[in-house]
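The values are calculated or read from the model by the stated rules, or taken from the named source; none is laboratory data. This is a predicted model, so every value here is computed, not measured. Cβ coordinates were reconstructed from backbone atoms using ideal geometry, including for glycine residues, and neighbour counts include every protein chain displayed. Remember, those area values only see protein heavy atoms, side chains included, never the ligands or the DNA or RNA. Shrake-Rupley method; radii C 1.70, N 1.55, O 1.52, S 1.80 Å.
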Amino acid sequence: MKMKKRLLAVILCAALLSGCSYAENADRPGDGEEQLNTGQQDEDSGDTGYGDENPAGDAGADSGQRQEADAEEGKNINESPLIATQFDRHRRKCRFSYTKINDSSAGEKLLRELSNLLCNDLNVIVFNFIDMLSHARTESRMIRELASSDAAYRSLTESWFRHTPAIEIFRAIAAKGYKIVLTTDHGTVRVDRPVKVVGDRNTNTNLRYKVGKKLDYPGRDVYEIKNPGRFGLPAPNVSSTYIFATGRDFFAYPNNYNHYVQYYDGTFQHGGISLQEMLIPLVTLSPK
């Protein structure tokens, strides 16, 4: 069954006026644009280290954060098959494409080849700039100065949108009479209050939630879940416990505590059960 109207969905990784801490490693050479094979389903036929038990010390802390980012990217390479699986699950016949844009040249290429996508029922475009900006804001003092406040961060994001192929892609789609469904995978929280935790080497590195079997933390400062199965959460071990940061808190380990608190203070983080993480926008744009 064909959809009555073809859609072009544009997904901004992290909300347009927000950002996230873990950018996919989009700045690697040759990774500026990634377009997976078009999916067809028609009638003929995508932290800062560990606690006191960590022998790697500060080096392990740095690598832990990067490993988390790599893990995020590893999950995201399956986005196109996931779309195909969703159509199969709902028994929908749909021809679609999936494109990830990590720089301006990739956006310009998509703009030139936009007419090739018009035969599809659905075209998914992921703009990765918001994730990249947030990651850079954490690591670069210059970017942190440019986006020193929420207002400055939003202004920088708006400037990117207005002066890159992104806005031209929106205009081109509207000119051809197609709808756009604008959404995101999560929002973020600007954190400014550290909460000290200790975990073993198997504890995850996310700054907004931890899961492990040997966690030491101040119970009054976290939302604690000791029975993950009751809440539909996976349990890596029988004794796994989840803790979630609340408000604008973030978790930090005792190793080099002051350094990492200063490093992450004021950064945008995602993960956990914040309102920004659990609720996402879904906006349908129709051409005039």
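Give the residue that is nearest to the chain's Cα centre (by Cα), with candidates limited to residues of segment 173-207 that are of a type outside the set (Val, Ile, Thr) and open to solvent by less than 30 Å² (accessible area, probe 1.4 Å).
Filtering segment 173-207 for residues of a type outside the set (Val, Ile, Thr) gives 174-179, 182, 185-187, 190, 192-194, 196, 199-202, 204, 206-207.
Those left that are additionally open to solvent by less than 30 Å² (accessible area, probe 1.4 Å): 186-187, 199-200, 204, 206-207.
On the way: His186: 6, Gly187: 8, Gly199: 25, Asp200: 26, Asn204: 17, Asn206: 13, Leu207: 14 Å.
Only one residue fits best here, namely His186.
For segment 167-203, name all the residues that are in a helix (DSSP H, G or I) and touching a strand residue (DSSP E or B) at 6+ places or on another chain (Cβ under 6 Å).
In the first step, residues of segment 167-203 are kept if they are in a helix (DSSP H, G or I); the result is 167-175.
Within segment 167-203, just Ile173 meets the criteria.
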Practice prompt. Test Thr99 against the stated conditions and say whether it is within 15 Å of Asn128 (Cα to Cα) and modelled with pLDDT of 60 or more.
Written response: yes
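Would you confirm whether any residue within segment 104-116 is farther than 26 Å from Gln86 by Cα and either open to solvent by less than 50 Å² (accessible area, probe 1.4 Å) or at pLDDT below 90 (or both)?
So far as segment 104-116 goes, yes, one or more of its residues are farther than 26 Å from Gln86 by Cα and either open to solvent by less than 50 Å² (accessible area, probe 1.4 Å) or at pLDDT below 90 (or both).
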Discussion item. Please count how many residues of segment 164-179 are closer than 14 Å to Ser286 by Cβ and in contact with a Phe, Trp or Tyr (Cβ under 7 Å, 6 or more places away or on another chain).
Written reply: 0
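Run down Val261, Val238 and say which single residue is open to solvent by less than 60 Å² (accessible area, probe 1.4 Å) and hydrophobic (A, V, I, L, M, F, W, C). Steps first, please.
Values: Val238 fails: open to solvent by less than 60 Å² (accessible area, probe 1.4 Å).
Exactly one of Val261, Val238 is open to solvent by less than 60 Å² (accessible area, probe 1.4 Å) and hydrophobic (A, V, I, L, M, F, W, C), namely Val261.
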Worksheet, complete the sentence: Residue set Asn128, Asn120; condition of a type in the set (S, T, N, Q) and modelled with pLDDT of 90 or more; output residue Asn120
Discussion item. Anything in segment 255-288 that is more than 12 Å from Arg208 (Cβ to Cβ) and in a loop (DSSP other than H, G, I, E, B)? List them, or say none.
Written reply: Asn255, Asn256, Asp265, Gly266, Leu279, Ile280, Pro281, Ser286, Pro287, Lys288
Practice prompt. Mind counting the residues in segment 241-258 that are open to solvent by less than 40 Å² (accessible area, probe 1.4 Å) and under 24 Å from Tyr153 (Cα atoms)?
Written response: 4
Worksheet item: For segment 264-275, how many residues meet the condition of being farther than 17 Å from Tyr242 by Cβ and surrounded by 19 or more Cβ atoms within 10 Å (Cβ to Cβ)?
Response: 3
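Would you say Thr241 is within 21 Å of Met132 (Cα to Cα) and of a type outside the set (D, E, K, R)? Spell out how you get there, then give the answer.
Numbers: within 21 Å of Met132 (Cα to Cα): no; of a type outside the set (D, E, K, R): yes.
Spelling it out, it is not the case that Thr241 is within 21 Å of Met132 (Cα to Cα) and of a type outside the set (D, E, K, R).
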